[in-house]
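J.: So that we are looking at the same thing, I have put the structure below in structure tokens.
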Amino acid sequence: MTEDSKYTRQTVTSVHTWVPGKLFSVRVTRDDAYDFQPGQFARVGLPAADDPDGPPTLWRAYSMVSAPGQPWLEFYSIVVPGGLFSPRMARLVPGDALYVEKAPYGFLTLERFAPGGDLWLLASGTGLSAYLSILRDPAAWSAYRRIVLVHGVRTTEELAYREEIESLARRPDLASHFAADPRKLVYLPIATREALPGMPQERLTTLIADGRLEQLAGQALDPEAAKIMLCGNPAMLADARKLLGERGFKPGRRGIPGNLAVENYW
Ligand SMILES: Cc1cc2nc3c(=O)[nH]c(=O)nc-3n(C[C@H](O)[C@H](O)[C@H](O)COP(=O)(O)OP(=O)(O)OC[C@H]3O[C@@H](n4cnc5c(N)ncnc54)[C@H](O)[C@@H]3O)c2cc1C
Ligand SMILES: NC(=O)c1ccc[n+]([C@@H]2O[C@H](COP(=O)([O-])OP(=O)(O)OC[C@H]3O[C@@H](n4cnc5c(N)ncnc54)[C@H](OP(=O)(O)O)[C@@H]3O)[C@@H](O)[C@H]2O)c1
């Protein structure tokens, strides 16, 4: 690796398995010079499988789960059966190398929106990653009246980070927000292939279309007040974009902030 490499070599410090063989998180060291906005993604690299000590040759995009204020980088990943990258990433152990491109990428950031109103964060599957960085960072909590986090998964065991999300109200730096409004964060875990007590067993797009998402959130999807992020499965994004577009939500253009920001994972 030379001084002018496009990437740095980072070291795995911990791996957490959420669902064996399907979902895991990796923490790695963070280069002092690596800076990013919550919601951005890194390009991470591994060497060729037959040259584990060689240079990185295989690269994939991963949203940062960690906040800019945290001294490590954290990624949350699915294991795609037969995938070239994710099954190998799942086998990393502390001390292993993970390479990170020096520049962060992506526009799923709060800069896309004017401040004020409510922030709706809608994810399917690992699309949750980008929102964890946003929730861990203090900025969104001051910028928006309320935050509604909707996480759509197949089964309830896939509701990764649920405990952390449910304990945000107890985070000392957020105490004043929750004291002023106990519903500062509305978290809606949604499972489609298993019953989750008290929640409908439906796709989040169905819940947008029939109005139940607004009922569950306790507020309207009003394009004048709501700023919506969508992240995850491209089919879900396409369906949700259509439904939300019909209701007046659209991405910003040429520097004019919009009320919809979207990131496809594949
Ligand atoms: C901007 C961006 C951010 C991303 N952030 C994340 C992230 O935070 N966590 C993460 O797990 N993945 C993320 N991905 C996807 C990631 O880059 C890889 O595609 C994924 O790790 C699988 O790599 P692979 O080589 O094993 O399979 P690939 O050959 O890359 O993918 C094979 C197939 O697996 C499916 N697939 C890929 N990614 C996912 C996924 N995340 N969930 C469900 N099915 C999937 C798709 O059908 C895809 O065609 C992101 C992708 C983009 C473009
Ligand atoms: N081999 C295995 O046994 C196995 C098992 C699971 C996953 N996988 C792998 O994992 C990937 C899927 O990962 P995942 O479960 O995290 O993601 P996912 O398929 O995107 O599912 C996550 C959530 O998004 C929903 N969804 C899917 N398409 C949608 C749409 N068009 N509109 C609205 N909601 C939609 C799903 O609902 P639905 O439940 O209604 O689809 C589910 O609730 C597959 O591509 C496969 O590679 C493999």
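The values are calculated or read from the model by the stated rules, or taken from the named source; none is laboratory data. Bear in mind the structure is a predicted one, so any value in this text is a computation, not a measurement. Counting neighbours? That spans all protein chains shown, and the Cβs are built from the backbone with ideal geometry, glycine included.
J.: Which members of region 147-164 meet the condition of being away from ligand 2 (no atom under 16 Å from the Cβ) and closer than 18 Å to ILE228 by Cβ?
T.: The answer is ILE147, VAL148.
J.: Can I ask one more? Collect the residues in region 37-60 that are hydrophobic (A, V, I, L, M, F, W, C) and farther than 17 Å from ARG91 by Cα, keeping them in residue-number order.
T.: The answer is PHE41, ALA42.
J.: Starting from region 195-212, keep only residues that are closer than 20 Å to GLY125 by Cα, then list their pairs with residues that are hydroxyl-bearing (Ser, Thr, Tyr) and within 9 Å of ligand 2 (Cβ to nearest atom) whose Cβ atoms are within a distance under 7 Å, requiring at least 6 positions of separation or different chains.
T.: GLN201/THR192; GLU202/THR192; ARG203/THR192
J.: Let me ask something additional. Give me the strands (runs of 3 or more DSSP E) completely within region 55-134, filtered to those with at least 1 residues that are aliphatic (A, V, I, L, M) and free of Cβ contacts under 8 Å to residues at least 60 places away in the same chain, ordered by residue number.
T.: Values: elements: 56-63, 72-78, 97-101, 118-124.
Ranges flagged: 56-63, 72-78.
J.: Answer yes or no: is there a residue in region 47-60 that is within 16 Å of ligand 2 (Cβ to nearest atom) and in contact with a strand residue (DSSP E or B) (Cβ under 7 Å, 6 or more places away or on another chain).
T.: Yes: region 47-60 contains one or more residues that are within 16 Å of ligand 2 (Cβ to nearest atom) and in contact with a strand residue (DSSP E or B) (Cβ under 7 Å, 6 or more places away or on another chain).
J.: For region 2-26, which positions are in contact with a Ser or Thr (Cβ under 6 Å, 6 or more places away or on another chain) and either over 15 Å from MET89 (Cβ atoms) or crowded, with 17+ Cβ neighbours inside 10 Å (or both)?
T.: Residues satisfying the conditions are GLN10, PHE24.
J.: Any chance region 180-193 includes a residue that's under 17 Å from LYS227 (Cβ atoms), touching a residue at least 12 places away in the same chain (Cβ under 8 Å) and small (Gly, Ala, Ser)?
T.: Within region 180-193, none of the residues are under 17 Å from LYS227 (Cβ atoms), touching a residue at least 12 places away in the same chain (Cβ under 8 Å) and small (Gly, Ala, Ser).
J.: Which of the numbered conditions does ARG154 fail, given that it passes all the others? Conditions: (1) surrounded by fewer than 16 Cβ atoms within 10 Å (Cβ to Cβ); (2) at positive phi; (3) within 16 Å of ligand 1 (Cβ to nearest atom).
T.: Only one criterion is unmet by ARG154, namely (2).
J.: Related question: Test each condition in (1) within 15 Å of ligand 2 (Cβ to nearest atom); (2) surrounded by 15 or more Cβ atoms within 10 Å (Cβ to Cβ); (3) not hydrophobic (A, V, I, L, M, F, W, C) for GLY83 and report the one that comes out false.
T.: Here GLY83 meets the rest and fails (2).
J.: While we're here: Quick test for you: out of PRO182, PRO257, pick the one residue that is at pLDDT below 95 and either more than 12 Å from GLY152 (Cβ to Cβ) or within 9 Å of ligand 2 (Cβ to nearest atom) (or both).
T.: When all the criteria are applied, what remains is PRO257.
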